[in-house]
1. Out of LEU84, LEU68, LEU78, report the one residue that is within 17 Å of the chain's Cα centre (by Cα) and open to solvent by less than 30 Å² (accessible area, probe 1.4 Å).
2. Quick check on region 46-60. Is at least one of its residues surrounded by 14 or more Cβ atoms within 10 Å (Cβ to Cβ) and not in a helix (DSSP H, G or I)?
3. Consider region 1-34. How many of its residues are open to solvent by less than 40 Å² (accessible area, probe 1.4 Å), over 20 Å from the mean Cα position of the chain (by Cα) and at pLDDT 95 or above?
Amino acid sequence: SLVQDDPREASSYRNVAVATVAKVQDQAKKVNELAQIDRASEETRAARQALADWFAIADESVRKTIELQPQDAAGYQLAVELVLQRIDQQPKALADTNRRELMERIAGYLKTNPNNAYLASAMSDLLESLGGSREGWEQRTIDALTAAVEHQPRNLYLIDQLIVLMQSSNDREVLKWIDSMLELARPLAVEPGGGEIVELLQQAKALADQD
């Protein structure tokens, strides 16, 4: 199409998507604040309706962004953020179901963007929120985080997420990654937070060496 042939047009759609998702975030915050005061007030109901309207606009703009730029990670990241905002507005039982569905979607997005730090980190956060109902997702999340860390070896937050997940896993094969992770992390020891990451890795290695 003409839009796909003109990257400026595609970029303009992405800008609209970014702006509308930001509006959803702002409106969701307003709804939460009003609901804490009075969930049944007219003002709260009006805010919820405005949020629903912004969700509809953002959904369409994000869908169009992904359609026009399927190789651009931004569209997928915005899609994940929209679902997270919806989950935040839902009862716990429904939210847990949608978290699992979102993890499936992220796994699909990672096929197009296998090294994406945002997507890998979001998957890790969702896994943690599921508690004991992990249903085989630990290894898939470890794989996603590992790929992201290899692409961004100086991202301390990703490294920390990966270490914590490795330590919580009972799969001894997982801990074989510790040595390679230590090689990645040692140069970061001089940076803020880097020393703690290296220490966590060393503790994990000591645990693995006991077996």
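The values are calculated or read from the model by the stated rules, or taken from the named source; none is laboratory data. For clarity, every value in this text was computed on a predicted model and none was experimentally measured. Virtual Cβ from ideal backbone geometry, glycine too; neighbours counted across all protein chains shown. Please note that ligands, DNA and RNA were not included when accessible areas were found on the heavy atoms of the full protein model with its side chains. Shrake-Rupley method; radii C 1.70, N 1.55, O 1.52, S 1.80 Å.
1. Numbers: LEU84 fails: open to solvent by less than 30 Å² (accessible area, probe 1.4 Å); LEU68 fails: within 17 Å of the chain's Cα centre (by Cα).
The match here is LEU78.
2. No, because not a single residue in region 46-60 is surrounded by 14 or more Cβ atoms within 10 Å (Cβ to Cβ) and not in a helix (DSSP H, G or I).
3. Matching residues across region 1-34 total 3.
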